[in-house]
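The values are calculated or read from the model by the stated rules, or taken from the named source; none is laboratory data. Model, not experiment: these values are computed from the prediction. No Cβ is skipped: glycine too gets one built from the backbone with ideal geometry, and neighbour counts run over all protein chains shown. Accessible surface is based on the protein model in full, side chains and every heavy atom, while ligands, DNA and RNA are left aside. Shrake-Rupley method; radii C 1.70, N 1.55, O 1.52, S 1.80 Å.
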Amino acid sequence: MTTPTPRPTQTPSPQVSFVADRTSINAGQAVVFTWNTSDVREVYFFSEGQNWWENGVAGVASRTEYPPRTMSYFLRVVRRDNTVDQREIRIYVTAQPEAPQISLFSVVPSGE
């Protein structure tokens with residue numbers, strides 16, 4: 001597994017903590033994201049390509065995800081003064097060469 005280039009460090013905040021148990025995995029492995037916020041109005045956890053407004057979460061929680069490819073996960077925090085603090089964690093996924101490649105998948109109901 002190659003070592004990814006670190007992304008710029010985000011400014012620390014006493015009201016927002018957002019971490020992942022690891023940032024480099026092999027395809028199929030889990031990543032546990034944990035966050036802890038205080039004195040905020042709203043919190044959203046979402047991945048690249050998802051709408052943040054559809055992914056509200058509790059201010060203190062964790063979530064296990066299985067990233068299908070290298071991608072970013074975000075924690076968007078709306079503070080009480082309506083300013084937004086958005087944190088990003090990039091997860092690097094190494095494909096497994098022996099993993100099957102699905103090129104076509106369909107479901108046909110019986111009788112059709």
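Numbers for the structure displayed
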read-out: Residue match in segment 44-55 (condition: in contact with a Gly (Cβ under 9 Å, 6 or more places away or on another chain) and closer than 14 Å to SER17 by Cβ); value: yes
read-out: Residues (surrounded by 11 or more Cβ atoms within 10 Å (Cβ to Cβ) and in contact (Cβ under 8 Å) with a residue 40 or more places away in the chain) located in segment 85-112; value: ASP85, ARG87, GLU88, ILE89, ARG90, ILE91, TYR92, VAL93, THR94, ALA95, GLN96
read-out: Top-ranked residue in segment 1-49 [being among the acidic types (Asp, Glu) and under 13 Å from VAL77 (Cα atoms); ranked as modelled with the highest pLDDT]; value: GLU42
read-out: Where a residue in segment 27-55 is surrounded by fewer than 12 Cβ atoms within 10 Å (Cβ to Cβ) and its partner, wherever it lies, is part of a strand (DSSP E or B) and at pLDDT below 95, with Cβ under 6 Å and at least six apart; value: none
read-out: Extreme residue, least open to solvent (accessible area, probe 1.4 Å), among residues of segment 57-84 that are part of a strand (DSSP E or B), within 16 Å of GLY28 (Cα to Cα) and of a type in the set (D, E, K, R); value: GLU65
read-out: Yes/no for VAL78 being modelled with pLDDT of 95 or more, more than 17 Å from the chain's Cα centre (by Cα) and of a type in the set (A, V, I, L, M); value: yes
